[in-house]
Amino acid sequence: MAKYKVLKTFKDIHTNEVYEPNQEIEMKVTRAKEVEQNLDGSFLSRVEEKEDDK
């Protein structure tokens, strides 16, 4: 799982959850790519994990 920062409000078609801007969420990279294909690349931004977080 990877962490993503939500840039624009959107509703997840699989979970029906609404994500708001500045919210940090975890999802599989393949799922994030699906969101990018269905919407566009401006809805999510991957958050790089710091060494301290691992």
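The values are calculated or read from the model by the stated rules, or taken from the named source; none is laboratory data. The shown structure was predicted, so the numbers you read here are calculated from the model rather than taken from an experiment. Heavy atoms of the whole protein, side chains included, go into the accessibility calculation; ligands, DNA and RNA do not. Shrake-Rupley method; radii C 1.70, N 1.55, O 1.52, S 1.80 Å.
In Å², what does the accessible area per residue of the chain work out to with a 1.4 Å probe?
Working: 4190 Å² over 54 residues.
For the chain, the solvent-accessible area averages 78 Å² per residue.
Which value in deg cm²/dmol, rounded to the nearest 500, describes the helix-derived mean residue ellipticity at 222 nm for the chain, given -39,500 (n - 2.57) per DSSP H run of n ≥ 4 and division by the residue count?
Details: 1 runs with 10 residues, N = 54.
After summing the helix terms and dividing by residue count, I get -5500 deg cm²/dmol.
Let me check against my output: what whole-number percent is the relative contact order of the chain, with C-alpha pairs under 8 Å and at least 6 apart?
Numbers: 76 pairs, mean separation 24.0, N = 54.
Normalised by residue count, the contact order of the chain is 45 percent.
How much of the accessible area of the chain, in percent, comes from carbon and sulfur atoms when a 1.4 Å probe is used?
Details: 1840 of 4190 Å².
Percent of accessible area from carbon and sulfur atoms in the chain: 44.
In terms of modelled amide H atoms, which long-range or inter-chain residues lie less than 5 Å from the amide H of residue 2?
The list, which skips near neighbours in sequence, is 27, 28, 29.
Could you state the angle between the C-alpha long axis of helix 29-38 and the longest principal axis of the C-alpha atoms of the chain, as a value from 0 to 90 degrees rounded to the nearest 10?
Taking the Cα atoms of the chain, the angle to 29-38 is about 30 degrees.
Equivalent ellipsoid semi-axes for the chain, as square roots of 5 times the alpha carbon gyration tensor eigenvalues: give them largest first, rounded to whole Å. Working shown, then result.
Details: eigenvalues 73, 27, 22 Å².
Semi-axis lengths for the chain are 19, 12, 10 Å.
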